[in-house]
Each structure stands twice: as structure tokens, then as C-alpha cells.
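The values are calculated or read from the model by the stated rules, or taken from the named source; none is laboratory data. No experiment lies behind these values; they were computed from the predicted model shown. Reconstructed Cβ throughout: ideal geometry from the backbone, glycine too, with neighbour counts over all protein chains shown.
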Amino acid sequence: MRARLAPFALLVVVVLLVGTPSAAAAQTDPVRSHLEEVMDDERVPGMAVAVVPEDGRARTWTLGEDGDGDRVGTSTPFLLGSVSKSFTAALVHDLVDRDRLRLDDRLVDRVPDHGIPDDRADGITVEELLTHTSGLTEADGLAHGDRFDTAPGAVGRQSRGLDDVSLARDPGTGHEYSSLNYLLLGAIIEGAGGAPFAEQVNRLGRTAGVDLVSTPTAAETIPPGHRHVYGRAVPFDPGYDASGTPYGYLGTDLDGISAWARAQLGGGRGPDADALESMHTGHVDTGAGDRYGHGWRVDEVDGEPTVQHAGATPGYFAHVLLQPERDRAVVVLANAYGEARAPSLAAVAADVSRIEDGGEPEGAETDPVLGTAPFVVGGLAALGLVAAIALVGTRPRVRALGLVGSVVLVAAALLAPALVGFPSEMLRLWLPDLGWGLWALAATWTVAGGIALLGLVRRREVPSRQPRAWSGESSTTTPSEPTSTRTVEA
């Protein structure tokens, strides 16, 4: 028996000797452990992360599944969100280098039919669009973003006829982040380069070794992303927005974004040294503790200079963190996004850098207001149904209070999107549980208020009935005839 079992015992020993190191390595990899913790806490189905040296091979981590249920790998495509702006800025500098464009060129000369009904808009320069100092507002950027326009000419079409846009300040006098700036840059690039934006950015990407997604056809390879709805990651695929490629709808995989990060460090093909210096210089103060260059934010992490940009679309998150003094970058791609979890996702790149340096991750808390607001609004919406039932047949004073409360809550629900700076349709796109919850709140309390009002009106319309007197002798009396009476109330 021992002789027969000996080969099996030997096989077990070999398997253990071969398999144990890799299993132990997986368990002791602090970066992977941290990423798994983040994915669990933030309800992210899939992530792809890399630490990229200027020269040399990137260290990569791929975890979880994509929106189709396949395992995430280094070739899984993700949308980049506002990281796309760094590609647009690089295209501007390429055109400047080829004498096709100048940074002081005016908007009216490049996009004469922009349609912005403010004479100051004509004088907006390319430089001011790059640094978000044009006077265009974040609200207008939201209103003209995420149009999901896939027809040919989408970039030019969406950047013209902007007759509902206004300037918040004189161009060049202050910074306000607005994706509308980069949409207009996309139209300027098309005119100066003589080709569609997608064609030009693809050419730039190939030069840097990046295989970009920039057309509706190519976007068919991107799996659905995920939005957070009451804390759960729900698959979401709204389609592709070809008009949004200059500011947020470019896509690539981990290999591609790693190549772009390497090019931004000067260690790969891509923008030349002069362009990189201009892009990575903080030209304006944002008012949020950092400065904005051309498509990049200039900041510090743990006292070390960084150049970085994060981005999101409804369903995807991306972040590129450059550390020039170390000739290193950290890139993060995630296939889920929710506004409440933005701080936690934005902290991942810096935490990976800290872990690589032997430190501890610091993390960030979920936004407490945005995290709890959908549940509060949902609860108030449900309470509206309860109130609607309770107000049937109740006393006038209670109905009056119910009517006042209904008016207040409905007004608050309808005004909330404007108060937070989101158009209503954008709120439902980016924060679906809160956006649709506000509509539900308005609907249920409108019903409750209607029931309360109808009850009050009906009570006033019902005529009061006089007491009817009677006696055993006769059913009729005169005022002078005494009789025993009793009051019968209707």
C-alpha cells in the first residue's frame, strides 16, 4: 500500500512546492490586497492598475470582471473621462508646432459660428480654453456634455449654435472648470488640422503607442460600465458620445494608458519636451489648492510635485498620476463610478504610490452628503405615499398642514438640481438614485398635496344643514308655537 501511495505523495509534494510560492506571493502583495479592499468597499466590479517607470516595464494589477462578466486584463478597454483632455491639449501643441495654430488665436476666428450671445466670447483665446479661464461655466459644460451624438461631424455640430451659453466673467480673469472649453478646442483642432478629431487623435495615439477608442464603431468593444444605485454597482451602457471625445469619451486599455503615461514622462514617443513643459506647468490657480496647466493639474502629494488628472463617465473612472521627480507614474482604471465615491477612487493612485514606497495607504471617505442623500430622498418619497393615504378623510387642520408640507417638499425636489449645479437630466445620468428619487418625491407629494387640497375644497363647498325640528303632534311648527325639539345632525 505504501509503495502504491508513494507516487501520489510525491506528486502532492511537488504541487505544494510549485504552487505555494505563487499563492504566498498573492497573499503578501500589499498593492493587490489594498485594491481588493477598495473594490469591496466601493463596490467596483473591475480594476486595472499600473506603476509605470519612465523606461522599463510597468508593474500591473488586474482584478475582477468587466461589464460582460469576463475577467479584466491589460487589454480590457475602459473609458478615460477627463483624462481625454490631456490628449486634446497634446493635439493643440502639435498643431502649434506645425504652425497650424497659435495659443493666442481667438475663438471667433476659429469657430465663427459658435453662437454664444456675449460679445466677450469672440475674444476667448486657445490658451484660455486650455486653462479653463474662458469665462465659460461648469453648468454650461454639463448642459452641453454627454449628448451621445454618434453621427458624423458630432464635435463640430455640438460646438456651434451655443445660444444658451453665458460667460460668468471676463475671459482670462478666473478659472472655472468646464468641459465646454475642450469641446470648443475639439472644433478648433478639426478646423486647424483639416481632419475629424477622431482621425487626428488616433494618429497622435499611435505615435505614442496608444491604441485609442475614439469612434462609435471602435466603442462597441467597450463593455458596459457600472453606476452606483443605492450603494450597488449596476451595469450601465448609455451608448457612445462621439461629440465628447475632446473632453471625456476617449478610451483605451491598461497597456495603452501606461504608454501614454510613459510618453508624458518623456520616456516614450509623443509630445516633445517643449510641449510637455507647457502642458505640465501650472498656468493658473484653480482656487482648490492646485494649479491648472494644459489638460493637467499640477499639485503635490505628500510634499512631492505631481502632474495628474482624473476623469469619469457614467460608468467608468480613470486617473493618471505623474511623479516627475521619480520618473514614475501610477495609472488607475475602474469600471464603476458614482459621485459619492469619487474621493475614494481618486485616492487609489496616491495610495498605490505610498505602498510601493513602503508606506501605508491613507484612503478617503465616501462623500457623506451624496452617500446618504439618495436614501433620505427615497424615504421621503415613500412617506409621500403614506401621507397621501392618511390625508383621505382626515380633519381640515391636518389637511392644511399636509398641503403646506407637500408644497414645500415638491418645490425642494424640483429646485434641487439647480441648487447643486446639475441640470435635471444630468443628475439622473450621473446620480440616478438621487435624480430619479427627486422625481419620485415630487410625484408622491404632489398626489398627497392634491388629496389635501381636494378635501379642503370639498368641505367648503358642502352647504351646512339647519336642524330639523319635529314633535309628536305635527311635523310643522311656527315660531310662536312652543314645542319639544331635538336636533338631528346630518
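Here are the numbers:
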read-out	value
Which listed residue is part of a loop (DSSP other than H, G, I, E, B), within 22 Å of L254 (Cβ to Cβ) and of a type outside the set (V, I, T), from S75, S82, S86	S75
Test: residue in the range 101-116 that is aliphatic (A, V, I, L, M), farther than 15 Å from L183 by Cβ and crowded, with 20+ Cβ neighbours inside 10 Å	yes
Count of residues meeting criterion [modelled with pLDDT under 85 and either among the aliphatic types (A, V, I, L, M) or in a loop (DSSP other than H, G, I, E, B) (or both)] in the range 445-472	11
Output for the range 176-191, where each listed residue is in a loop (DSSP other than H, G, I, E, B) and of a type outside the set (S, T, Y)	E176
Residue within the range 389-412 that is closer than 25 Å to P238 by Cα and assigned to a helix (DSSP H, G or I) present	no
Segments classed as helices (runs of 4 or more DSSP H), wholly inside the range 93-175, with at least 1 members that are over 26 Å from A218 (Cα atoms) and either among the β-branched types (V, I, T) or in contact with a Gly (Cβ under 6 Å, 6 or more places away or on another chain) (or both)	107-110, 126-130, 138-143
So V83, is it in the same structural domain as D170 (by TED's automatic domain parsing), among the β-branched types (V, I, T) and closer than 30 Å to R227 by Cβ	yes
Which numbered condition A340 fails, given (1) modelled with pLDDT under 95; (2) over 19 Å from R43 (Cα atoms)	(2)
Enumeration of residues in the range 195-242 that are out of contact with any strand residue (DSSP E or B) (no Cβ under 9 Å at 6 or more places or on another chain), assigned to a loop (DSSP other than H, G, I, E, B) and touching a residue at least 40 places away in the same chain (Cβ under 8 Å)	P196, G209, Y230, G231, G239
Single match in R57, R4 (criterion: modelled with pLDDT under 95, under 30 Å from Q200 (Cβ atoms) and over 21 Å from the mean Cα position of the chain (by Cα))	R57
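Each row is one residue, and each column tells you yes or no for (1) within 23 Å of the chain's Cα centre (by Cα); (2) surrounded by 17 or more Cβ atoms within 10 Å (Cβ to Cβ); (3) within 23 Å of F78 (Cβ to Cβ).
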site	(1), (2), (3)
A342	yes, yes, yes
G363	yes, no, yes
P368	yes, no, no
L380	no, yes, no
